[in-house]
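Reviewing the structure listed below.
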Amino acid sequence: MARTSAADSFTARLRKAVHRARIALRKSGVDYFRGDGSDWIALAGLLLTIPAFTWGSIVVPVWVSPAALVLPIVAGGLLLRPASLLGLYAAAATALIIESVVLGPYTEGPARVTPGTVLTVAACGFFGLLIAQFRARVGVPWRRGGTMLFDLRERIRVQSALPKLPKGWHHEMALRPAGGQSFSGDFVVAARTNGGRTLEVVLTDVSGKGMDAGSRALLLSGAFGGLLGSLPPHGFLPAANGYLLRQDWDEGFATSIHLVLDLDSGDYELLSAGHLPALQLHAGSGRWEEKDTDGPLLGVYDAAQFDPVKGSLRPGDVLMLFTDGLVEASGRDISEGIDRLTGEADRYVASGFEGAAWHLIEAVAKDVNDDRALLLLCREA
């Protein structure tokens with residue numbers, strides 16, 4: 001009985017020890033992936049590859065060239081911190097010396113350590129060190145750099161998603177960054193306010209395009225999303241203008257259009273800050289009407305005034321909001337671009353506008369080197 005109890009106690013202690021070791025290993029792996037943990041595991045693994053390459057260069061030089069030492073050096077530039085990287089470089093330099101001594105002078109045969117081999121390994125090490133120092137300054141390890149950019153892109157997409165609309169309404173949204181990049185200077189923030197009866201949508205075009213404007217667009221989309229619904233509709237653009245002025249950016253202006261739509265009646269107000277006019281399709285006449293309102297750019301003038309223009313969406317009507325990337329081009333007037341956009345949109349009047357936003361961008365501004373955003377709001381007949 002005593003032996004059985006002792007065995008059970010030992011088994012229980014062993015299971016707890018294994019469990020603690022597993023938790024510690026998992027935590028270490030997560031910390032390493034996030035860049036918070038030590039890089040000694042990666043350093044140890046790379047250091048072990050250097051004697052393996054050295055042995056291969058001496059024993060089978062036809063298959064393993066002395067230049068193969070660039071492989072752990074390149075990997076080290078991606079995985080290690082600068083201090084650890086110097087230790088790896090010291091081991092690689094030692095390996096080159098050993099190979100040159102054992103194999104003999106490079107003038108006496110092939111597959112030996114030549115000056116070109118040394119220069120190649122040294123150049124890879126130099127660039128690897130530059131990359132490691134840059135990561136150390138930024139504070140974002142390579143293991144999290146791509147993940148962080150992906151997360152930022154997804155946050156912009158989530159913030160640009162329109163809320164679900166009640167029966168009788170349909171919306172389409174398409175966003176295309178310049179040059180096929182993942183980040184855009186155009187963004188949308190939207191919210192249903194007044195107990196869900198009112199839809200507020202803000203379409204903004206930040207100065208610049210693509211990656212240059214993406215960081216400012218991310219910051220502004222978060223700020224505008226916090227302001228939207230927290231202020232009366234007429235107070236949004238003045239508050240957004242004050243926010244941009246406080247940033248004091250060298251290139252800090254933006255255009256914006258703010259839609260306030262009553263989902264019960266279809267009545268709406270548009271407030272613009274230097275933005276292009278909205279377009280409304282009247283189902284009765286089949287014609288597009290420009291809904292233009294004056295207002296200065298955001299981030300330029302203090303105490304700017306933004307006057308609204310009013311309208312109403314009847315059953316079958318469509319309201320289109322867009323940025324200048326769809327209609328503006330060198331050597332062409334904006335009015336011509338708007339005519340082309342409405343001409344393409346007329347093709348969807350009979351069949352409906354479901355899926356039309358993306359196709360409209362493809363039709364009128366597929367290869368334009370500018371950010372493009374298009375929003376369609378349809379009141380179903």
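The values are calculated or read from the model by the stated rules, or taken from the named source; none is laboratory data. If you're wondering where the values come from, they're calculated on a predicted model, not measured in any experiment. Here the Cβ positions follow ideal geometry from the backbone for every residue, glycine too, while neighbour counts run over all protein chains shown. SASA here: full protein model, heavy atoms, side chains in, ligands and nucleic acids out. Shrake-Rupley method; radii C 1.70, N 1.55, O 1.52, S 1.80 Å.
When residues in the range 239-250 are screened for being more than 19 Å from Ala373 (Cβ to Cβ) and within 23 Å of the chain's Cα centre (by Cα), 4 of them pass.
Taking the stated definitions as given, is Ala111 outside any helix (DSSP H, G or I), open to solvent by less than 70 Å² (accessible area, probe 1.4 Å) and of a type in the set (Gly, Ala, Ser)? It is true that Ala111 is outside any helix (DSSP H, G or I), open to solvent by less than 70 Å² (accessible area, probe 1.4 Å) and of a type in the set (Gly, Ala, Ser). Kindly check whether there is at least one residue in the range 296-308 that is modelled with pLDDT under 95, under 22 Å from Leu341 (Cα atoms) and open to solvent by 20 Å² or more (accessible area, probe 1.4 Å). Within the range 296-308, none of the residues are modelled with pLDDT under 95, under 22 Å from Leu341 (Cα atoms) and open to solvent by 20 Å² or more (accessible area, probe 1.4 Å). Of the residues that sit in the range 340-351 and are farther than 12 Å from Leu281 by Cα and assigned to a loop (DSSP other than H, G, I, E, B), which one is nearest to the chain's Cα centre (by Cα)? Checking each candidate, the answer is Ser351. Tell me whether the range 265-278 contains one or more residues that are in contact with a Cys (Cβ under 9 Å, 6 or more places away or on another chain) and open to solvent by 20 Å² or more (accessible area, probe 1.4 Å). No: zero hits. Selection of the range 268-297 for residues being assigned to a strand (DSSP E or B), farther than 15 Å from His234 by Cβ and touching a residue at least 40 places away in the same chain (Cβ under 8 Å) yields Ala278, Leu279, Gln280, Leu281, Trp288, Glu290.
Considering the range 311-339, the residues that are part of a helix (DSSP H, G or I) and closer than 23 Å to His170 by Cα include one that is modelled with the highest pLDDT, namely Ile338. Determine whether Ala92 is in contact (Cβ under 8 Å) with a residue 24 or more places away in the chain and either among the small types (Gly, Ala, Ser) or under 13 Å from Thr54 (Cβ atoms) (or both). In short, yes.
Within the range 322-377, being under 23 Å from Pro166 (Cα atoms) and open to solvent by 10 Å² or more (accessible area, probe 1.4 Å) holds for Tyr348, Val349, Ala350, Ser351, Gly352, Phe353, Glu354, Gly355, Trp358. One residue alone among Phe253, Phe236, Phe224 is within 28 Å of the chain's Cα centre (by Cα) and closer than 24 Å to Gly337 by Cβ, and that residue is Phe253. Among the residues of the range 181-240, those that are under 19 Å from Leu297 (Cα atoms), open to solvent by 20 Å² or more (accessible area, probe 1.4 Å) and among the hydrophobic types (A, V, I, L, M, F, W, C) comprise Leu218, Leu219, Ala223, Leu227, Ala239.
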